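Heads up, the thing below is written out as structure tokens.
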Amino acid sequence: MSGQPYAVRVSVPAAKVLDTLPEHTVDTVWDILTAAAADPWGFRQFDADDEEGEDVRYAAVGQLSVTYWINRPLHRLTVLNIVWLG
């Protein structure tokens, strides 16, 4: 994908989770979000059966998962949920 990366916003519930994570896990979250900002459709769709939900994406790395929504008109990603099973 070319052009400017998408801006990243973190929802309040996701920010609360982010505040409780160990530093190395927070670094991984931001690595995922940096990749997602550069290519928002590079991660799989959260629910592949939802024809209207193509802009909700899910990235998983080991025990960490991040769910985000692509806001096309505003050119930004909103992090909806962070789950860490650590």
Original post:
Take the residues of the stretch 35-53 that are open to solvent by 60 Å² or more (accessible area, probe 1.4 Å) and either touching a residue at least 12 places away in the same chain (Cβ under 8 Å) or among the aliphatic types (A, V, I, L, M) (or both): which is farthest from V10 (Cα to Cα)?
Top reply: A48
Original post:
If you check every pair at least six apart or on different chains, which have Cβ atoms under 6 Å apart with a residue in the stretch 61-80 that is free of Cβ contacts under 8 Å to residues at least 12 places away in the same chain first and a residue that is in a strand (DSSP E or B) and open to solvent by 20 Å² or more (accessible area, probe 1.4 Å) second?
Top reply: none
Original post:
Does the stretch 64-72 contain at least one residue that is more than 9 Å from the chain's Cα centre (by Cα), closer than 18 Å to Q4 by Cα and assigned to a loop (DSSP other than H, G, I, E, B)?
Top reply: yes
Original post:
Residues of the stretch 17-29 being assigned to a helix (DSSP H, G or I) and exposed (fewer than 14 other Cβ atoms within 10 Å of the Cβ), which ones?
Top reply: D19, T20, E23, H24, D27
Original post:
In the stretch 1-16, how many residues are surrounded by 15 or more Cβ atoms within 10 Å (Cβ to Cβ), in a helix (DSSP H, G or I) and of a type in the set (K, R)?
Top reply: 0
Original post:
In the stretch 54-86, which residues are open to solvent by less than 70 Å² (accessible area, probe 1.4 Å) and β-branched (V, I, T)?
Top reply: V56, V66, T67, I70, T78, V79, I82, V83
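The values are calculated or read from the model by the stated rules, or taken from the named source; none is laboratory data. Computed from a predicted structure; not experimentally measured. All Cβ positions, even for glycine, are placed from backbone atoms using ideal geometry, and neighbour counts span all protein chains on display. When the accessible area is computed, the model is the full protein with side chains, heavy atoms only, and any ligands, DNA or RNA have been set aside. Shrake-Rupley method; radii C 1.70, N 1.55, O 1.52, S 1.80 Å.
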